[in-house]
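Enquirer: This is the structure I have questions about; it appears just below.
The values are calculated or read from the model by the stated rules, or taken from the named source; none is laboratory data. Because the structure is a prediction, the values reported are computed rather than measured. Cβ placement follows ideal geometry from the backbone for every residue including glycine, while neighbour counts extend to all protein chains displayed.
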Amino acid sequence: MVSPGLRSRKRYRRVKVRTPGGKTVTHYRERNRNIDKCAVCKKPLRGLPRMTNRKFKNLNKTKKTIDRPYGGYMCHICLSKKILEEKVLNN
């Protein structure tokens with residue numbers, strides 16, 4: 001019987017792997033994070049890695065976010081719309 005921590009499918013995904021001896025066994029691998037989405041239009045953000053939480057927390061800050069205002073929060077299209085709106089309101 002598999003250990004109790006591996007029975008849930010929330011943290012680990014089951015991957016069937018063929019061993020060199022010809023047997024098919026089940027390996028348990030951590031699931032990747034969900035794809036980060038724009039807060040306005042809900043489209044996936046580009047430039048952010050999708051990996052397990054353990055690997056993601058060890059990345060540099062520059063690789064976790066995007067270097068612009070609202071980077072990692074809003075996509076570039078929504079950001080340009082927001083900047084245009086602010087420009088119109090200020091003038």
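Enquirer: In this structure, is Ser3 within 24 Å of the chain's Cα centre (by Cα) and free of Cβ contacts under 8 Å to residues at least 24 places away in the same chain?
Expert: When the stated conditions are applied, Ser3 does not pass them.
Enquirer: Right, here's the next one. Let me confirm something: among Arg18, Arg29, Arg68, Arg7, which residue is touching a helix residue (DSSP H, G or I) at 6+ places or on another chain (Cβ under 9 Å) and basic (Lys, Arg)?
Expert: Arg68
Enquirer: In the range 45-79, how many residues are surrounded by fewer than 15 Cβ atoms within 10 Å (Cβ to Cβ) and of a type in the set (A, V, I, L, M, F, W, C)?
Expert: Total meeting the criteria: 3.
Enquirer: Taking the options Arg31, Arg18, name whichever one is surrounded by fewer than 10 Cβ atoms within 10 Å (Cβ to Cβ), at pLDDT 90 or above and more than 10 Å from the chain's Cα centre (by Cα).
Expert: Selected residue: Arg18, the only one of Arg31, Arg18 that is surrounded by fewer than 10 Cβ atoms within 10 Å (Cβ to Cβ), at pLDDT 90 or above and more than 10 Å from the chain's Cα centre (by Cα).
Enquirer: Within the range 40-72, how many residues are closer than 25 Å to Arg11 by Cα and in a loop (DSSP other than H, G, I, E, B)?
Expert: Residues that pass the stated criteria total 15.
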